[in-house]
Amino acid sequence: MEKKLPLKCPSCENQLKVKLLFCDKCETEVKGLYTLPIISQVSNEDQKFIIDFIKSSGSLKIMAQKMKLSYPTVRNILDELIDKITILETNEI
Amino acid sequence: MKFNYLYNPFFLIAGFKSFIIGFIGLLLTSYLAYLTGTHFIGILNIDFAKDSKFCFFLLESSSHWFLMSTLFFLAGTILSKSRIRAIDVFGTVLLSRLPFIIVPLIRIIPFFQSFSAYSTAMFIIIGVYVFSLIWFGLLVFNAFRISCNLRNEKLIFSFIICLILAEIFSKLLIWLLT
C-alpha cells in the first residue's frame, strides 16, 4: 500500500510542518522545524500532473494527448493548479 | 473523473476536432431543414415552409452559431483568467448544435411533413423540439464553461446575457436579410 503524506493536522486542520528527518541507512535523525515545499503541499494527483507537464516540455497539447482529454480541459486543470499554488504561496508569506 | 458524454463531451472533444464534427452536423442539419422546410430563426423559433434556397437554411443555422460563439469568445476574453482559444469556443458551440438535427430528421417521415394546427403531429414536433432545445442548452452551457473556463456567477450571468443577445442579433440578421 502506498503511504500518503499527511498535509493537514487531523486535529485542527492546520498545515503540517516537518520536525524530524531520518536516514534509514545510518539511522541519523535531524530535528528542526521545516515548512513543506509548495509542491509537496498539493495533492498526489496534482503532483503527478506537474511532473507529467514538465516531462511534456510544458506542452498542453502533448498533455491533452497523454491524458486523453481535450485541450481546454487540461488548460483548466493547469489554471486551477496555478490558483492553488498562488493561495499556498500567499499563505506562506 | 466522471462525466456524461451526452451533455458534456467537451472534456474529450474540443478545438478543431469538435469544429469538423460540428460543421458536418451543421451542413446535414441545414440540408435536412432545406428538404423538409424547417426554419430555425434564432433558437427559440421554429417555422415550417419550403420557401427558400439551401443557402438560406444554412445561413439561419450558421448565423446563430457565429453570433453566439463570437459573444462567448468576447465574454471569455474579458472575464476569464485563462488564455482561451477561439477554435475551442467556435468548435464546441458548433458541436452543441447537433441536437437541432432531430426535428428536420423526423420531418422526413411523411406523417410529419404536413400537419394542421393542434394535430398530434404538431404536438410531437413541439415535444421533440423542446427536447432538442434542452439538450442544446446543456451542451452549449458546458461548451462555454469548458472553453472559456468560467465559474459561478460570472459563468451564469455571462451565459444568459450571451444567449439573449445571440437570439436578438440572429433574429435581426434574418429579418434584415429577408
**Message:** List the aspartates and glutamates whose Cα sits under 17 Å from the Cα of residue A:68, skipping any in the same chain fewer than 8 residues away.
**Reply:** A:45, A:46, A:52, B:88
**Message:** Which of A:40, A:57, A:11 ends up with the largest GNM mean-square fluctuation for chain A, with Cα atoms connected below 10 Å?
**Reply:** A:11
**Message:** What's the magnitude of the charge dipole for the protein assembly as shown around its Cα centre, counting Lys and Arg as +1 and Asp and Glu as -1 at the beta-carbon? Answer in Debye, nearest 20.
**Reply:** 380 debye
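Can you check how the C-alpha radius of gyration of the stretch A:17-61 compares to 2.2 N^0.38 Å, as a plain ratio? Don't skip to the end; give the middle numbers.
Values: Rg = 15.4 Å, N = 45, 2.2 N^0.38 = 9.3 Å.
For the stretch A:17-61, the normalised Cα radius of gyration is 1.65.
So which of A:84/B:154; A:3/A:25; A:8/A:48; A:17/A:48; A:19/A:84; A:3/A:61 end up more than 27 Å apart, counting from Cα to Cα? Numbers along the way, then the final one.
Details: A:84/B:154 20 Å; A:3/A:25 20 Å; A:8/A:48 19 Å; A:17/A:48 22 Å; A:19/A:84 24 Å; A:3/A:61 32 Å.
As for pairs spanning more than 27 Å Cα to Cα, those are A:3/A:61.
Ignoring ligands, DNA and RNA, what percent of the 1.4 Å accessible area of the protein assembly as shown is carbon and sulfur? Intermediate results must be reported in sequence, preceding the final value.
Working: 10990 of 16450 Å².
Whole-percent figure for carbon plus sulfur exposure: 67.
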**Message:** What three numbers, in Å, describe the spread of the alpha carbons of the stretch B:3-46 along their principal axes, ordered from the longest?
**Reply:** 35, 21, 15
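Averaged across A:71-84, how many Cβ atoms of other chains sit within 10 Å of each residue's Cβ atom?
Details: counts 10, 18, 11, 2, 9, 10, 2, 2, 5, 3, 0, 2, 1, 0.
Shielding by partners across A:71-84 averages 5.
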**Item:** Alpha-carbon centroids, the stretch B:57-120 and the stretch B:2-39: separation in whole Å
**Value:** 8 Å
**Unit Cα scatterers, Debye sum, the stretch B:10-177: log10 I(q)/I(0) for q = 0.12, 0.15 Å⁻¹** = -0.53, -0.80
**Message:** Counting only trypsin sites (Lys or Arg not before Pro) that sit in a DSSP loop (anything but H, G, I, E, B) with at most 14 other Cβ atoms within 10 Å, what is the longest stretch of chain A containing none of them?
**Reply:** A:26-67
**Item:** Most fluctuating residue given options B:139, B:74, B:95, as computed from a GNM of chain B linking Cα atoms under 10 Å
**Value:** B:74
**Computed helical MRE - 222 nm, chain B, DSSP H runs ≥ 4 contributing -39500 (n - 2.57), nearest 500** = -23000 deg cm²/dmol
**Prompt:** By the scheme Lys and Arg +1, Asp and Glu -1, what is the net charge of all other residues having a beta-carbon under 14 Å from that of residue B:157?
**Reply:** +2
**Among B:36, B:120, B:77, residue whose mean-square fluctuation peaks in a GNM of chain B (springs only between Cα atoms under 10 Å)** = B:120
**Item:** Compactness index (Cα Rg / 2.2 N^0.38 Å), the protein assembly as shown
**Value:** 1.37
**For chain A, average projected area of the Cα convex hull in nm²** = 8.6 nm²
**Asked** Under 19 Å from the Cα of residue B:53, which lysines turn up, not counting those fewer than eight places away in the same chain?
**Response** B:171
**Per residue value of the accessible surface for the stretch B:10-177 (all protein chains in place, 1.4 Å probe), Å²** = 50 Å²
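The values are calculated or read from the model by the stated rules, or taken from the named source; none is laboratory data. All values derive from a computational prediction rather than experimental measurement. Positions of Cβ are generated from backbone atoms using ideal geometry, with glycine treated the same way; all protein chains shown enter the neighbour counts. We work out accessible area using only protein heavy atoms, side chains counted, and drop any ligands, DNA or RNA first. Shrake-Rupley method; radii C 1.70, N 1.55, O 1.52, S 1.80 Å.
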